[in-house]
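One structure is given below, encoded as structure tokens.
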Amino acid sequence: MNDLEQWYFVNDGEHGGPVSSGALTGMIQSGVLRTDVPVFREGMSDWMPASELGLAPSVPTTDELRSEIARTTVSKTTALALTAALILTALAAVGGLWFQHNEHQGRTAQLNTDLSRLQKDLTQTQADLNNYTGSTNEVHQLITQLRSTNNFLQTEHQRLTQHIGQLKTESTNNIALIDDQNSNIEKLNNQIVQLNGTLKVEQAARQAADRTAAGARTQIEAARASLTNTIAQAKQTAEQLNRQFETDKAALQQQIQDAAMAQAKLDEQIKTLQSQLEQANTVITNLQAQLGQTPIRIGEPGGPKPPVGAQPFGQIGSVDEQFNFAVINRGSEDGVKAGDTFRVVSKETGEFLLQLKVDRVQATIAVASPGALSVKPLKPEDWVYRE
């Protein structure tokens, strides 16, 4: 994976990045980001979970966890089986020793019985010899026979006695060996108990691991479903934004076209006003030529005042400084016609202010302008006189 790639991510609804691949993987491994955090980089067509792009450490599946537990459990089970085999072998050995011990005891008892029988026979023979009343040769032969029998019996008695001693020694050794085997069996039983306890702990751990894996799988499926839903909502929102963008773009283009048309109209108006201004400047230039370099304005305090009639014809109704015209409260009903001229006198001071020429006439009002001069000195209710 190229560590120079720059990644963006979305964590709890907040966008982050850009970060390198190594930094993103470290944030996932440290728990700062989830393994299924949505990520994006240049060249991708859509957001995807980091786990599907190899950016998140792999999480063992339930089957992998079970396989690992099974391998551990197999080793424990093998150890338990070997221990059981050792116990069975030991039990077989102990059984053989007990069998030999019982056989030796039986043979010893039989030898003791034979020895007792021989002793009785020897005693009976001696008694018969003492009570015998036959001839000397017969006695001599009987004595020889008895001595031979006695020697055989003594030899057999010694052999049997030695054999009994050997059997007693072997029995003692077998008993000691049986005690050792019993001790070993007890130790093996303790090991079996420990192994059973360990096996139960391993089984409980495996069950807990199964539950944990099942819970993790459920969480992964829920997170995947939530991420899929979030991606679908993001796509829907993006489509809505694209449609809104197209709509706003068309409206903006229309506004630009309207503004261009308005600008064209404004340019025409400016040209008209410039033409009027040029005409006004021409008039002013002509007036300045007629009046000299420093003419005295009509209506100024030091200038001459035209004669004013005794009665005013009307009054100023309103003044529009932006378009430079004034409204007179008299109209066609009062005999006012377009082209009529009126002089305006201040209601407050009685001074002549300027002259107006009627441009448009309605029934009760007339609109008049001062030409190149400004209507700024006029005020509503100033007096209007006919020329």
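The values are calculated or read from the model by the stated rules, or taken from the named source; none is laboratory data. Everything numeric in this text was worked out from a predicted model, so none of it was measured. So basically every Cβ, Gly included, is an ideal-geometry build from the backbone, and we count neighbours across all protein chains shown. We work out accessible area using only protein heavy atoms, side chains counted, and drop any ligands, DNA or RNA first. Shrake-Rupley method; radii C 1.70, N 1.55, O 1.52, S 1.80 Å.
For T247 and I175, the difference between the fully extended length at 0.36 nm per residue and the C-alpha to C-alpha distance is 15.4 nm. Using the Cβ-Cβ distance between N229 and K187 with R0 set to 56 Å, the FRET efficiency works out to roughly 0.35.
Applying 1/(1 + (r/R0)^6) with R0 = 35 Å to the Cβ-Cβ distance of E221 and L4 gives a FRET efficiency near 0.55.
Full extension of the chain between A363 and T155 yields a length gain of 57.2 nm, computed as 0.36 nm times the residue separation minus the alpha carbon distance. Where in the stretch 364-387 does the label zone of D334 land, with the point 7 angstrom along Cα→C-beta and an amide N cut-off under 18 Å? From the stretch 364-387, the list is 364-370, 378-387. Here each label is just a point 7 Å from Cα along the line to Cβ, and for A260 and E351 those points are 5.2 nm apart.
These residues, E156, E348, E387, go from largest to smallest accessible area, 1.4 Å probe, as E348, E387, E156.
In this simple spin-label approximation, Q203 and E239 carry label points 7 Å from Cα along the Cα→Cβ vector, and these lie 5.5 nm apart.
For the pair E381 and Q194, label points projected 7 Å from Cα toward Cβ lie 11.8 nm apart.
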